[in-house]
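The values are calculated or read from the model by the stated rules, or taken from the named source; none is laboratory data. This one's a predicted model, so the numbers in the text were calculated from it and none came from an experiment. Cβ atoms come from the backbone with ideal geometry, glycine included; neighbour counts cover every protein chain shown. Only protein heavy atoms, including side chains, enter the accessible area calculation; ligands, DNA and RNA are left aside. Shrake-Rupley method; radii C 1.70, N 1.55, O 1.52, S 1.80 Å.
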Amino acid sequence: MKSDETQKIIAGYKNVLPISVRDEVERSLPSTISKSNATQIMDETVAAYNAARINAGESVGLVSAESIGEPGTQMTLNTFHFAGVAEMNITTGLPRIIEIFDAQKTLKTPIMEVFMNKPHNTNMDTIKKFAASIKETLFDEFVVEFSLNIFEQTLKVTLHKDLLEEHDLTEKDLIKAIKTKAKGFSVESSEGSILFTQKGKAGEIKELYNLKEKIRVVKVKGLKGIKQVLPVKRDEEYIVLTSGTNLKDILDLPEVDVARTTSNDIHEVYKVLGVEAVRQAIINEVYKVIEAQGLNIDVRHIMLVADLMTTNGNVKGITRYGVVSEKASVLARASFETPIKHLINAALEGEIDNLTSVVENVMINQPVPLGTGLPGLVTKMK
Amino acid sequence: MTADISKHALVPKHTKVSDSEKDKICAAHNINSMQLPKIFKEDPAISKLGVKAGDVIKIERHSKTAGVVSFYRVVIDE
């Protein structure tokens, strides 16, 4: 514990030093330090901190691109990789990085990590039960046989009784689930089967066939989109990994720990948690891949990319449809991808290029506004 | 949606900035408020703050390098 006085001195630098630096200095100061020495150390720290800051006009984007790109060449190109636990595939390596930075809408392996609240996360049995309850189960899975009776115009569905019991369901529950789809049909249930008969006059057999196709894909149990569940042990607790994501519905469940449950789909995170959460999710997801590959990229480079992708309030990928389309200069946009399209559109609209950025100035052989090219000279006329 | 997303580990603290503080921020960076990074009015993280377009939101991010950082976004309409 440092003396109050030292702490007060350090707190006085609140506006010039970030909290991590202040904490580090505080930790390394001896407790017997005098007031003047402490002040001197803090002043020197401020000087060192300011000297380490990036100068105006430094091309940080280029440095980031190189810093991420170079180790990227060493990443595995394997799309699928066994993550150690059971039969769950996770996209890693370069394909995953591309997926995140391009902000792709459909992921190769959408995954959620579902954490549970305190009493629920210690027992494997409760976790297993919970996992089974969130898995999307379709009507089709319980069916042994569909039989169309053409003479009596009925559809008989034979059900898998053991499976029903396993899921704690009865024929009544199934009928409840498909009720809205089976309008115009009378439904009778008997032991292990459901019988559909057309109400009133018997229509065409086609209607029964359509009914069959419709009820097959009705969700009986679970959350939409969760195709596979896998309870695993992580450190001291049990969590559920899911293949397929539905963050919105899963957070509404009372057993789920709202603070830690995440999805690897950044668009879903954006929709459910907002733009700031996406920024953090991008950083976390990219960093996870880089760490898993044993590479070392400074997190600030990834922060810069994540900031760029989220400055407009939504998620934009580093693609010609995303952040590149936002560039002010026609020439800069044309230099990326599909140059002809951009040039023709610019010509049609009579766009003006003010040559305020880097790429367009390189193209026409002018000094670029970077480093020493940034400041301009102003002459005072007498 | 009934879950309280402000508790989520990915969601930093969002607060509305007063008008006087807003002017101070803009003056410190020599910009007008519309040049700040944007956040949509419908964003789930600020849906309970009752903000309108043009307001500035202060976001207290947790950063691996700097501990806690204040970041500002301006609210825009969809």
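Things worth noting here:
- Residue check for A:T356: within 17 Å of A:G61 (Cβ to Cβ), part of a loop (DSSP other than H, G, I, E, B) and open to solvent by 70 Å² or more (accessible area, probe 1.4 Å): yes
- Test: residue in segment A:89-104 that is assigned to a strand (DSSP E or B), open to solvent by 50 Å² or more (accessible area, probe 1.4 Å) and not β-branched (V, I, T): yes
- Output for segment A:330-371, where each listed residue is under 30 Å from A:R96 (Cα atoms) and of a type in the set (S, T, N, Q): A:S335, A:T338
- Segment B:1-45 - residue that is in a helix (DSSP H, G or I) and at the interface with another protein chain (Cβ under 7 Å from one of its Cβ atoms) and, of those, most open to solvent (accessible area, probe 1.4 Å): B:K7
- Looking only at residues in segment A:174-187 that are at negative phi and exposed (fewer than 14 other Cβ atoms within 10 Å of the Cβ), the one that is modelled with the lowest pLDDT is A:K183.
- Just one of the listed residues (A:D252, A:D265) is within 14 Å of chain B (Cβ to nearest Cβ) and without any contact (Cβ under 8 Å) to a residue 40 or more places away in the chain, namely A:D252.
- As for segment A:128-141, it holds no residue that is surrounded by fewer than 16 Cβ atoms within 10 Å (Cβ to Cβ), on the phi < 0 side of the Ramachandran plot, assigned to a strand (DSSP E or B) and touching a strand residue (DSSP E or B) at 6+ places or on another chain (Cβ under 9 Å).
- Qualifying residues in segment B:50-78 (those that are open to solvent by less than 70 Å² (accessible area, probe 1.4 Å) and assigned to a loop (DSSP other than H, G, I, E, B)) - the one nearest to the other protein chains (Cβ to nearest Cβ): B:A66
- Whichever residue in segment A:49-72 is more than 32 Å from the chain's Cα centre (by Cα) and open to solvent by 30 Å² or more (accessible area, probe 1.4 Å) and, among such residues, is nearest to A:Q293 (Cα to Cα): A:A52
- Where helices (runs of 4 or more DSSP H) fall entirely within segment A:193-285, those with at least 2 residues that are touching a helix residue (DSSP H, G or I) at 6+ places or on another chain (Cβ under 7 Å) and modelled with pLDDT of 90 or more are at A:247-252, A:266-273.
- Residue in segment A:269-283 that is more than 9 Å from chain B (Cβ to nearest Cβ) and in contact with a Pro (Cβ under 6 Å, 6 or more places away or on another chain) present: no
- Flag if A:D257 is open to solvent by 10 Å² or more (accessible area, probe 1.4 Å) and touching a residue at least 24 places away in the same chain (Cβ under 8 Å): yes
- Residues in segment A:142-166 that are in a loop (DSSP other than H, G, I, E, B) and open to solvent by less than 40 Å² (accessible area, probe 1.4 Å): 1 in all.
- Cβ pairs under 8 Å, 6+ apart, first in segment A:168-185 and in the same structural domain as A:V144 (by TED's automatic domain parsing) and under 22 Å from A:I134 (Cβ atoms), second among the basic types (K, R) and in a helix (DSSP H, G or I): none
- Hits in segment A:1-29 - residues which are assigned to a loop (DSSP other than H, G, I, E, B), more than 13 Å from chain B (Cβ to nearest Cβ) and open to solvent by 70 Å² or more (accessible area, probe 1.4 Å): A:M1
- Being surrounded by 12 or more Cβ atoms within 10 Å (Cβ to Cβ) and either at pLDDT below 90 or closer than 30 Å to A:V358 by Cα (or both) is not true of A:V46.
- Residue within segment A:329-345 that is under 25 Å from A:G72 (Cα atoms), open to solvent by less than 40 Å² (accessible area, probe 1.4 Å) and of a type in the set (V, I, T) present: no
- Segment A:286-328: number of residues that are in a loop (DSSP other than H, G, I, E, B), under 30 Å from A:L355 (Cβ atoms), more than 10 Å from chain B (Cβ to nearest Cβ) and open to solvent by 10 Å² or more (accessible area, probe 1.4 Å): 8
- Selection count, segment B:49-70, where residues are of a type outside the set (A, V, I, L, M, F, W, C) and touching a residue at least 40 places away in the same chain (Cβ under 8 Å): 4
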